[in-house]
1. Assuming a ≥ b ≥ c are the square roots of the Cα gyration tensor eigenvalues, decide whether the stretch 39-100 counts as rounded (a/c under 1.5), prolate (otherwise, with a/b larger than b/c) or oblate.
2. From zero up to wherever the largest Cα-Cα distance of the stretch 26-133 sits, split into 5 Å bins and tell me the percent of pairs in each.
3. Counting alpha carbon pairs within less than 8 Å and at least 6 residues apart, what relative contact order, in whole percent, applies to the chain?
4. Describe numerically, in nm with one decimal, the distance between label points set 7 Å from Cα along Cα→Cβ at Ala32 and at Arg128.
5. Whole number in Å², please: accessible area per residue of the chain, 1.4 Å probe, ligands, DNA and RNA not counted.
6. Counting only complete DSSP H runs, which helices of the chain cover 30 Å or more along their long axis at the Cα atoms and score a mean Kyte-Doolittle of 0.0 or above?
7. What percentage of the solvent-accessible surface of the chain, computed with a 1.4 Å probe over protein heavy atoms, is contributed by carbon and sulfur atoms?
8. Within the chain, what's the longest run with no trypsin sites (Lys or Arg not before Pro) in a DSSP loop and at most 11 other beta-carbon atoms within 10 Å? Give the range, please.
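The values are calculated or read from the model by the stated rules, or taken from the named source; none is laboratory data. Keep in mind that this is a model prediction, so the values were computed, not measured. Cβ coordinates were reconstructed from backbone atoms using ideal geometry, including for glycine residues, and neighbour counts include every protein chain displayed. Heavy atoms of the whole protein, side chains included, go into the accessibility calculation; ligands, DNA and RNA do not. Shrake-Rupley method; radii C 1.70, N 1.55, O 1.52, S 1.80 Å.
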Amino acid sequence: MGRHRKSLWTNSGLSMAAAVLVGLGCTLGAAAILAALLFYVMKDMAMAGAFAGASLSLGAYTGAFVYGKYRRRKGLFGGSLCGALMYLVIAAVSIALTGEITGIKKLLLLTVFGAAGGVAGVNSKRPRKLRDQ
């Protein structure tokens, strides 16, 4: 009889932390790519706010999608929570670096796109490597 090791995704706290890290990594990657596009190709900083919003949206959607895909339940709540936790991390970094808290619009943007990603993740195809659910 083989051993059955529990997945990371059975623990809600660890799975939320992993999804937030995936979302923040995707946000940083998208921000770097869009900043390079803005600086080297467009050579105009007028669209910086829109590109920052796009990278935040993509990161929140991706992190919540991963959470919903592997947890397979509570996509709306989990995705919104993932977006809110991403906002808390971004706000903490902002306070540490600039001394000011970020705007409430970022919280709304992250929670809405997080909820959409969580719902899409729950309704997506079940991963093959998911063993314990």
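1. Here the stretch 39-100 falls in the oblate category.
2. Calculated over all Cα pairs of the stretch 26-133, the distribution is 3, 14, 18, 19, 17, 13, 8, 5, 2, 0, 0 percent.
3. It comes to 30 percent, rounded to a whole number.
4. Between Ala32 and Arg128, the simple spin-label model gives 3.0 nm.
5. Result: 62 Å² of accessible area for each residue.
6. The answer, listed by residue number, is 12-36, 48-71, 75-98.
7. In the chain, the share of accessible area belonging to carbon and sulfur is 69 percent.
8. Here the longest segment lacking exposed loop sites spans 74-124.
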